[in-house]
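Accompanying notes for the structure given below.
The values are calculated or read from the model by the stated rules, or taken from the named source; none is laboratory data. Everything numeric in this text was worked out from a predicted model, so none of it was measured. Because the Cβ atoms are built from the backbone with ideal geometry, glycine has one as well, and the counts that use them run over all protein chains shown.
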């Protein structure tokens, strides 16, 4: 048979193969890119455990209704070179997703993140409780993590624990994260907040980082009103300059908490408590922070209001009445507290 006679059948065969490949490719693309939702109207949580093969993971996702076909998912991950790049962890799938999208989620490690919020003014106890409630370990582990003073030793070598340095914010992490990892995030966030400008200002005032954070924690514990923070800080700076006792209720409450008291009722006998945190008895600042101050309280502690106030008392509505003299203060006490 001549080459001329062979040419036409070969051309037809090539055309047929081309059409077949295009059809097969189109079908494969359709299978890979068609969204599927086996649990319409809800979300599906799937845990990928360490040691599972790509085929086992694909089967788990099919059983959970995340993909229509485990075989197609397995084929696509092998074809795309993703089969060996799957991340373990817990995943949450919402709504319809294609095989390509599901593969991207599990190979990029977009695991389900849990949240824990540390409020301004939280103590070590409260941070540990929040971590345990968010399932980042049990309370004893979380409490131990908040005592890892080595995390802040380069800034505050005197710190016996992380009180004051567990920065208030909302943190997100995979469920498998430990309390120590979350605490590390909090300390890192504090380091971000302790800017060169704040560091320089503390030095200008003659304050160590521990002293500055301690004042900020007192401000945080005393008031939640933004406009009052600089005034409260100003009162404490004034009293320290005059070597007056701070007489700060939150420090006494902290002293009682250290002794195991969880109620927030101050009894007359408590004012004689010999703890160095009792600023009704001990002069100067307490030994360290009594809570985690936020940025606004840090700012107030370092840039207090220039004021002559030496006293303040609560008005029972969240605000305070400030006074320059003891006579003015006693009048305010009679007006708002008796």
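Within segment 308-338, the residues that satisfy the criterion of being surrounded by fewer than 16 Cβ atoms within 10 Å (Cβ to Cβ) and in contact (Cβ under 8 Å) with a residue 24 or more places away in the chain are 308, 318, 319, 337.
From the list 257, 268, 261, the one residue that fits, being under 22 Å from residue 127 (Cβ atoms) and either free of Cβ contacts under 8 Å to residues at least 40 places away in the same chain or in the same structural domain as residue 160 (by TED's automatic domain parsing) (or both), is 261.
Would you confirm whether any residue within segment 159-166 is within 11 Å of the chain's Cα centre (by Cα) and under 23 Å from residue 223 (Cβ atoms)? So far as segment 159-166 goes, yes, one or more of its residues are within 11 Å of the chain's Cα centre (by Cα) and under 23 Å from residue 223 (Cβ atoms). Scan segment 200-215 for residues that are assigned to a helix (DSSP H, G or I) and more than 27 Å from the chain's Cα centre (by Cα) and jot them down. Across segment 200-215, the qualifying residues are 203, 204, 205.
Count of segment 55-82 residues, restricted to those that are over 32 Å from the mean Cα position of the chain (by Cα), under 17 Å from residue 111 (Cα atoms) and at pLDDT below 90, is 0. When residue 223 is tested against the conditions (1) at pLDDT 95 or above; (2) in contact with a strand residue (DSSP E or B) (Cβ under 8 Å, 6 or more places away or on another chain), the lone failure is (1). Residues that are in a loop (DSSP other than H, G, I, E, B), out of contact with any helix residue (DSSP H, G or I) (no Cβ under 6 Å at 6 or more places or on another chain) and touching a residue at least 40 places away in the same chain (Cβ under 8 Å) within segment 161-193 comprise 168, 175, 176, 177, 178, listed in sequence order. Remark: pairs (first residue in segment 135-157, at positive phi; second residue surrounded by 16 or more Cβ atoms within 10 Å (Cβ to Cβ); Cβ separation under 7 Å; 6+ apart in sequence or on different chains) = 135/114; 137/131; 137/179. In segment 28-139, counting only strands (runs of 3 or more DSSP E) that sit wholly within it, the ones holding 1 or more residues that are assigned by TED's automatic domain parsing to the domain that holds residue 179 span 113-118.
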